[in-house]
Amino acid sequence: MPVELEGGCSCKEVRYRLTSRPMFVHCCHCRDCQRETGSAFVLNALIERDRIELFKAEPVVVTLPTASGLPHDVYRCPNCQIALWSDYGRRGLLSFLRVGTLDNPHVLAPDVHIYTRSKVPWLELPADVPAFEEYYDLEEVWPTASLARRDALLTTA
């Protein structure tokens, strides 16, 4: 991994390091993400939970409601409440790390845009990045190496 990926919250109470590059990066334009971030979208880097190495305080979990009824656990700083990553469905193995919490967030560009049906109209998406009105088929979009990491993760569950 040529670029060191470290990050944390605003008050620096929670600090972390990624021990590998993420498997894939989503740019999600769904209304829930817009509401939760107060922005037009969220950038989530999908990475195995055990590849997020904490070296300061532990985040606290806040569970948000979802349309699916599955839990959406958001890991936040106990002090400043910045959202650091999420666990959709409470699997405990896969984290959706908020790219904006990285010290250098510009090193991770989106691999895909999802839920573009609710994308803000003034945002023009790049033509060279796949975009989907809803979700997509991972087998068709993810690189082989990322699929292998995901499969390995799911077989340990």
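Points to keep in mind about this one:
- Just one of (1) in contact with a Lys or Arg (Cβ under 9 Å, 6 or more places away or on another chain); (2) over 19 Å from residue 82 (Cα atoms) fails for residue 25. It is (1).
- In segment 1-16, the residues that are under 29 Å from residue 118 (Cβ atoms) and surrounded by fewer than 18 Cβ atoms within 10 Å (Cβ to Cβ): 10
- All positions within segment 64-87 that are of a type in the set (Ser, Thr, Tyr), surrounded by 15 or more Cβ atoms within 10 Å (Cβ to Cβ) and in contact (Cβ under 8 Å) with a residue 24 or more places away in the chain: 86
- So residue 61, is it farther than 15 Å from residue 22 by Cβ, hydrophobic (A, V, I, L, M, F, W, C), open to solvent by 40 Å² or more (accessible area, probe 1.4 Å) and outside any loop (DSSP other than H, G, I, E, B): yes
- The set of residues in segment 88-117 that are more than 14 Å from the chain's Cα centre (by Cα) and open to solvent by less than 30 Å² (accessible area, probe 1.4 Å) contains only 116.
- When segment 1-37 is filtered for residues that are in a strand (DSSP E or B) and either free of Cβ contacts under 8 Å to residues at least 24 places away in the same chain or aromatic (Phe, Trp, Tyr) (or both), the ones remaining, listed by number, are 16, 24.
- Some residue of segment 17-40 being closer than 20 Å to residue 58 by Cα, surrounded by 22 or more Cβ atoms within 10 Å (Cβ to Cβ) and touching a helix residue (DSSP H, G or I) at 6+ places or on another chain (Cβ under 9 Å): yes
- Whenever a residue of segment 131-157 is farther than 20 Å from residue 119 by Cβ, its partners that are assigned to a helix (DSSP H, G or I) and among the small types (Gly, Ala, Ser), lying with C-beta atoms within less than 9 angstrom and at least six residues away or across chains, give the pairs 138/146.
- Selection from segment 127-157 of residues that are surrounded by 10 or more Cβ atoms within 10 Å (Cβ to Cβ), of a type outside the set (Asp, Glu) and not in a helix (DSSP H, G or I): 129, 130, 131, 132, 135, 136, 142, 143
- Residue match in segment 41-56 (condition: within 12 Å of the chain's Cα centre (by Cα), aromatic (Phe, Trp, Tyr) and open to solvent by less than 60 Å² (accessible area, probe 1.4 Å)): no
The values are calculated or read from the model by the stated rules, or taken from the named source; none is laboratory data. Here the structure is a predicted model, which is why all the values come from computation and not from measurement. Note that each Cβ is placed from the backbone with ideal geometry, even for glycine, and that neighbours are counted across all protein chains shown. Side chains included, ligands, DNA and RNA excluded: accessible areas come from the protein's heavy atoms. Shrake-Rupley method; radii C 1.70, N 1.55, O 1.52, S 1.80 Å.
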